[in-house]
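Novice: Have a look at this one before I ask anything.
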Amino acid sequence: MSLYQVPEDIKTANDLTAKLEHLKNIKRSFSVYRIDCGSCNGCEIEIFAAITPMWDPERFGFKLVANPRHADILICSGPVTRQMYYPLLRAYEAAPDPKIVVAFGACGSTGGIFHDAYSVWGGIDKIIPVDVYIPGCPPHPASVIYGLGMALGIIDQKLQKKSYENDSTTPPPVEKSVMGDILFERDLQAESKRLMSYIFGRTLFEKYMNAIKGSSDIHNPSASREAVLTAIKKEEDPRYAECMGLLHNDVYLKYAKADKSFAIDVDSEVWSKR
C-alpha cells in the first residue's frame, strides 16, 4: 500500500478516462514540471540537455515550466528521500487535474541502488500513482523525448515485453575461435570497445575479424600481417584503419606468440599514406 493516500477528488479527476482525454488534448503541446526527489542530479543534467536546441523537443510540443500549477506532466527523479517526501506531495497536489506522472531514471522508477536505504522511500510509485516509467541511469536525452512522446501517442512504442520464463538453461553455443582460443575473440572485442566505444567498437571488431580471416594461415604472423595490411589499405576511414593496426599489435601478436617484428607501424602504414 502507498504511504500517501490520494484524496478522493484527485483520484476521481485522474481516472483512466480523464487521463486518456487529457492526453488527447495535450498531444500538440504540453507543459512539463520537473520534481527533484533526491536525485544525484545526473537525471537533471539529461533533462536539461534534452531541452536544448540540439534535441529541439519543442517540435513535439514539449515545454518545461517553472510552476507545477502550469504543468500537464510531472517528471519526478530520485528515490524520494525523506526530506523530499512533502515537497513531492505539495507539487503533486498543486498540479491541475488530470495530470500525468513520469518516474524518471532508475531511482525514480524503483529506488535504484538506494531502494532499501534507510533514508529513502524507494521509488516514486511508493508515494504517488505513476503513469509512465523512463528507466536509465541516467536516461539519455533521446529517452526523455521518446518516453514522453510514447506516452502521448505521438511516437509508436518500439519496445515490447519479451518473456524468458520458458527458455532453456543451456548456454548459447560459442562459435569456434579462429585462433583456437575463444579468449582471443573476447580480448579483441574488449579492446575494440575500449578504442572506439561500444557502438563503433562492434564495427571495428567485425572489420578486424574479416581481415584476419583473409589470411592464408591465421597462425602465421607474417601471412596474417599481410592480410591485415591489405584490409587497412582498403579501409576508407583512417580511424578504423589505425585501430585495426593497434588491435593487431596488442591482441593478435600476444595470442600468436609473435615478436614485435611482425607489428604494424600505424604511422607509416595509415597516416603517412592518407
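Novice: Which whole-Hz ³J(HN,Hα) couplings does region 230-236 yield from phi under the Karplus relation 6.51 cos²θ - 1.76 cosθ + 1.60, θ = phi - 60°, glycine and proline marked x?
Specialist: With the stated coefficients, region 230-236 comes to 4, 5, 5, 5, 7, 5, 7 Hz.
Novice: Separate question: Expressed in nm to one decimal, what extension gain is obtained for the pair Glu175 and Glu269 from 0.36 nm per residue of sequence separation less their Cα-Cα distance?
Specialist: 30.7 nm
Novice: Run the accessible area of region 1-129 with a 1.4 Å probe and give the carbon-and-sulfur part as a rounded percent.
Specialist: That share works out to 57 percent.
Novice: Another question, then. Just flag the trypsin sites (Lys or Arg not before Pro) in region 1-96 sitting in loop per DSSP whose Cβ has no more than 15 other Cβ atoms within 10 Å.
Specialist: Lys27, Arg28
Novice: Averaged per residue, what accessible surface does the chain expose to a 1.4 Å probe, in Å²?
Specialist: 59 Å²
Novice: Within the set of other residues whose C-beta is less than 9 Å from the C-beta of Pro138, count the net charge using Lys and Arg as +1 and Asp and Glu as -1.
Specialist: Residues near Pro138 contribute -2 overall.
Novice: I would also like to ask the following. For the chain, what proportion of DSSP beta bridges, expressed in % and rounded to the nearest 5, is antiparallel?
Specialist: Restricted to the chain, the bridges split so that about 5 percent are antiparallel.
Novice: While we're looking at this one, here's another question. Determine ³J(HN,Hα), in whole Hz, for all residues of region 201-214 in sequence, where each value follows from phi through the Karplus function 6.51 cos²θ - 1.76 cosθ + 1.60 and θ = phi - 60°; x replaces Gly and Pro.
Specialist: So the J values, rounded to whole Hz, are x, 5, 5, 4, 4, 5, 5, 5, 4, 5, 5, 5, 5, x.
Novice: Starting from the coordinates of the alpha-carbon atoms of region 1-96, obtain the Kirkwood hydrodynamic radius over all distinct pairs and give the value in Å to one decimal.
Specialist: Result for region 1-96 stands at 14.7 Å.
Novice: May I have the convex hull volume per residue, in Å³, for the Cα set of the chain?
Specialist: Cα convex hull per residue, to the nearest whole number: 201 Å³.
Novice: I want to make sure I understand the PRE zone here: with the label point 7 angstrom from the Cα of Ala117 toward its beta carbon, which residues in region 4-41 have backbone N atoms less than 16 Å away?
Specialist: 36-41
Novice: Which FRET efficiency value, to the nearest 0.05, do you get for Ile154 and Ser261 by plugging their Cβ-Cβ distance into 1/(1 + (r/R0)^6) with R0 = 45 Å?
Specialist: Rounded to the nearest 0.05, the efficiency is 0.15.
Novice: While we're here: Grab the Cα-Cα distance for Asn41 and Glu165, subtract it from 0.36 nm times how many residues apart they are, and report the gain in nm with one decimal.
Specialist: Fully extending the segment from Asn41 to Glu165 adds 41.0 nm.
Novice: Roughly how big is the chain's charge dipole about its Cα centre, with Cβ charges of +1 (Lys, Arg) and -1 (Asp, Glu), in debye to the nearest 20?
Specialist: For the chain, the charge dipole is close to 300 debye.
Novice: Percent relative contact order of the chain, based on C-alpha pairs within less than 8 angstrom and at least six residues apart?
Specialist: 13 percent
Novice: Hey, another quick one. Divide by every residue of the chain the summed helix terms, -39500 (n - 2.57) for each DSSP H run of at least 4, and state the resulting mean residue ellipticity at 222 nm, rounded to the nearest 500 deg cm²/dmol.
Specialist: Computed mean residue ellipticity for the chain: -13000 deg cm²/dmol.
Novice: Check which residues have an amide H placed less than 5 Å from Ile35's amide H, if you skip close sequence neighbours.
Specialist: So Ile35 has HN proximity to Ile75, Cys76, Ser77.
Novice: Kindly provide the trypsin sites (Lys or Arg not before Pro) of region 165-258 that DSSP labels as loop, not H, G, I, E or B, and whose Cβ sees at most 10 other Cβ atoms within 10 Å.
Specialist: Lys176, Lys257
Novice: Now a separate question. Taking the Cβ-Cβ separation of Phe48 and Thr17 as r and a Förster radius of 22 Å, what is the calculated FRET efficiency to the nearest 0.05?
Specialist: Rounded to the nearest 0.05, the efficiency is 0.05.
Novice: Further question: Are there GluC sites (Glu not before Pro) in region 177-267 that DSSP marks as loop and that have at most 13 other Cβ atoms within 10 Å, and which are they?
Specialist: Glu236
Novice: Then there's this: Around Gly136, which amide H atoms from residues at least 5 apart in sequence, or from another chain, sit under 5 Å from its own amide H, with H modelled in the peptide plane?
Specialist: Under 5 Å from the amide H of Gly136 lie the amide H atoms of Gly105, Ala106, each far enough along the sequence or on another chain.
Novice: Also: How much length is gained on full extension from Thr230 to Asp56, taking 0.36 nm per residue of separation minus their Cα-Cα distance?
Specialist: That works out to 58.3 nm of additional length.
Novice: Say R0 is 51 Å: what FRET efficiency, to the nearest 0.05, do His219 and Ala142 get from their beta-carbon distance?
Specialist: The calculated FRET efficiency here is 0.70.
Novice: List every residue whose amide H lies under 5 Å from the amide H of Phe62, counting only residues 5 or more places away in sequence or on a different chain, with H placed 1.01 Å from N in the peptide plane.
Specialist: Result for Phe62 returns Phe30.
Novice: Taking a point 7 angstrom from the Cα of Ile26 along the C-beta vector, which residues in region 134-148 have backbone N less than 14 Å away?
Specialist: Residues 148 fall inside that zone.
Novice: Go through region 54-71 residue by residue and turn each phi into a ³J(HN,Hα) via Karplus (6.51, -1.76, 1.60, θ = phi - 60°); whole Hz please, and just put x for glycine and proline.
Specialist: After applying 6.51 cos²θ - 1.76 cosθ + 1.60, I find 4, 9, 6, x, 5, 5, 9, x, 6, 9, 7, 10, 9, 9, x, 5, 9, 9 Hz.
Novice: How long are the three semi-axes of the equivalent ellipsoid for region 65-163, computed from the Cα gyration tensor as the root of 5 times each eigenvalue, in whole Å, largest first?
Specialist: 22, 19, 10
Novice: Dividing the convex hull volume of the alpha carbon atoms of region 46-90 by its residue count, what do you get in Å³ per residue?
Specialist: Output value, Cα hull per residue: 90 Å³.
Novice: What's the longest bit of the chain with no exposed chymotrypsin sites (Phe, Trp or Tyr not before Pro), using DSSP loop states and at most 14 other Cβ atoms within 10 Å as the test?
Specialist: 1-117
Novice: Among Phe30, Tyr4, Gln83, flag the residue with its Cα farthest along the positive direction of the charge dipole of region 1-114, charges on Cβ as +1 for Lys/Arg and -1 for Asp/Glu.
Specialist: Phe30
Novice: Tell me, what % of the accessible area of region 200-274 is carbon and sulfur with a 1.4 angstrom probe?
Specialist: Within region 200-274, the accessible surface is 48 percent carbon and sulfur.
The values are calculated or read from the model by the stated rules, or taken from the named source; none is laboratory data. On a predicted model such as this, the values are computed, not experimentally measured, just so you know. In this analysis, Cβ positions are derived from the backbone assuming ideal geometry, glycine residues included, and neighbour counts consider all displayed protein chains. When the accessible area is computed, the model is the full protein with side chains, heavy atoms only, and any ligands, DNA or RNA have been set aside. Shrake-Rupley method; radii C 1.70, N 1.55, O 1.52, S 1.80 Å.
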